[in-house]
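The values are calculated or read from the model by the stated rules, or taken from the named source; none is laboratory data. The model shown is predicted, which means the values in this text are computed figures rather than measured ones. Cβ placement follows ideal geometry from the backbone for every residue including glycine, while neighbour counts extend to all protein chains displayed. Areas reflect the complete protein model, heavy atoms only, side chains present, ligands, DNA and RNA absent. Shrake-Rupley method; radii C 1.70, N 1.55, O 1.52, S 1.80 Å.
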Amino acid sequence: TEIDPHSVAAQLAHDVLCKDVELETRHLEPVLGVPSPTSTCAICSAVPESVCTCKKGVGDKSVCQFSEHPMRVERQNELIRSRVSLQRKSMQGHAARAKTLSNEGVERLLLAVSLNAHMIKPSRSPLFGYGGVDDCDGVEESSTEPVSKHKNTMQQGLFPTYAAMCNHSCRPNMIFQAVAQGNDGKAEECSASDNTAADSSQRFAEHAPPLLIVSTIADVAPGDELTIGYLGSLYLSFPERDERLMDTYGFHAEHLPSDAGLEALAPSPLRECTREVVAANSAAHDAWEAINTIRTSADPDQRQLKRQTAIAIAQYAYILRAGLLAETHAWYHNAAYRLAILLVRTNTPAAATKALRFITSVLASGSRVWPDAWPEHLERLQLRLRAAECIASTEDVTDARSNINRIETVLGRHHST
């Protein structure tokens, strides 16, 4: 289902009910505590379950598990609003299955959906679903041309059999990617051969729901857990990872050896500019968001685009030269990468030369965090290739292409299975 920020879980839960596959989501409920003697059936609300007549909600103790889940309290108001929205739709006859579920049964489904669904995005790249959305989207577009609105269209899907069972790791050994199905049921990967990003999105809409392929990106020893990343980018400081995971999923991030570098300051930091760096980071982010909004509009305002681009370049450049953050710091890494993107988009040799310097820094710091074949690594290399081609740097072009081919080989090695 396409993302509606006001009722994401309700819309996808509605789709689950319309397809009558709600029972297939029961195993997604976390197992917490022991069944309460007064717990109700998730279907008919019988109390206790021993007197349940429908038997459909008995056995997996889903209500007990749901009632003890920490995110139920955290999201109580959201769950109630989404349940009411879903039940209103069922009253209109669109999801008859919702009429047979108790309030707790509907809310359990909503929580299961919100905790286990995957975010996917049609794109030119065959790797558009590795766990998040990256900023490199749109680099190949001219800065004076609009980017199709489909290019940034996020979609959410529930894949309960295998993909939803994958746990998170802050250093995962797998990625996931969405693959469109043709009308004949065969997989049709949305790859760089597609004419436009809109074509990719259109194939999602016109054909069967997409498949989700989960692939390893490193050798895995027998007995090792297979994991994916829930946050998309791996270049996030521990506090940011921990906050996002707790807010969304209710568990803490794991500490990594690379965490110290992502919060490191310069050898002799100019601490007096801390407030200015914080303000610059906020202003740069706002300008970046404005740029993306303008570029995806039907009629981009070129004057505003140039203005916001100038603001973003100035603020990101200040972060890099302020002398407060180490090159490995998450803010420095992000500023250098986005600044390189903005410079490459100008498509001028002078800007591309500056961009190459920033990309070199980004690749060096990223190698401390990413698995070797992580898609973020690939995207930075593709940006490096674009900049190198602009200034006709044969050595940089050759090196970038070699590394791109190596990583694409690893990322694509399981795609035919």
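For segment 232-249, what are the residues that are closer than 16 Å to residue 262 by Cα, open to solvent by less than 60 Å² (accessible area, probe 1.4 Å) and not polar (S, T, N, Q)? Hits for segment 232-249 are 234, 235, 236, 238, 241, 242. Looking at residue 383, is it closer than 18 Å to residue 235 by Cβ, open to solvent by less than 10 Å² (accessible area, probe 1.4 Å) and modelled with pLDDT of 95 or more? Yes: the conditions hold for residue 383. Kindly establish whether residue 328 is part of a helix (DSSP H, G or I) and modelled with pLDDT of 95 or more. No, not satisfied.
Set side by side, the residues 336, 400 differ, and just one is more than 25 Å from the chain's Cα centre (by Cα) and within 24 Å of residue 233 (Cβ to Cβ), which is 400.
Listed here are the residues, each with its yes/no results for (1) within 22 Å of residue 370 (Cβ to Cβ); (2) in contact (Cβ under 8 Å) with a residue 24 or more places away in the chain.
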residue	(1), (2)
232	yes, yes
241	yes, yes
260	yes, no
263	yes, yes
268	no, yes
272	no, no
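Residue count for segment 301-336 satisfying the condition of being among the acidic types (Asp, Glu) and either exposed (fewer than 15 other Cβ atoms within 10 Å of the Cβ) or closer than 15 Å to residue 289 by Cβ (or both): 1. Only one of the numbered conditions (1) assigned to a helix (DSSP H, G or I); (2) in contact with a helix residue (DSSP H, G or I) (Cβ under 8 Å, 6 or more places away or on another chain); (3) not small (Gly, Ala, Ser) is violated by residue 300, and that is (1).
Is it fair to say residue 329 is touching an Asp or Glu at 6+ places or on another chain (Cβ under 7 Å), of a type outside the set (Asp, Glu) and within 24 Å of residue 234 (Cα to Cα)? In short, yes. Each residue in segment 267-300 was checked for being of a type in the set (Phe, Trp, Tyr) and open to solvent by 70 Å² or more (accessible area, probe 1.4 Å), and 0 pass.
Is it the case, given these coordinates, that residue 282 is of a type in the set (S, T, N, Q), outside any helix (DSSP H, G or I) and either in contact with a helix residue (DSSP H, G or I) (Cβ under 9 Å, 6 or more places away or on another chain) or under 30 Å from residue 166 (Cβ atoms) (or both)? Considered against the rule, which asks whether it is of a type in the set (S, T, N, Q), outside any helix (DSSP H, G or I) and either in contact with a helix residue (DSSP H, G or I) (Cβ under 9 Å, 6 or more places away or on another chain) or under 30 Å from residue 166 (Cβ atoms) (or both), residue 282 comes out as no.
Does segment 371-380 contain any residue that is open to solvent by 10 Å² or more (accessible area, probe 1.4 Å), part of a loop (DSSP other than H, G, I, E, B) and acidic (Asp, Glu)? Among the residues of segment 371-380, at least one is open to solvent by 10 Å² or more (accessible area, probe 1.4 Å), part of a loop (DSSP other than H, G, I, E, B) and acidic (Asp, Glu), which makes the answer yes.
Scan segment 339-370 for residues that are outside any helix (DSSP H, G or I) and either within 23 Å of residue 283 (Cβ to Cβ) or touching a strand residue (DSSP E or B) at 6+ places or on another chain (Cβ under 9 Å) (or both) and jot them down. Selection gives 346 alone. Kindly evaluate residue 407 against the criterion of being out of contact with any Ser or Thr (no Cβ under 7 Å at 6 or more places or on another chain), open to solvent by less than 20 Å² (accessible area, probe 1.4 Å) and closer than 26 Å to residue 212 by Cα. The answer is yes for residue 407.
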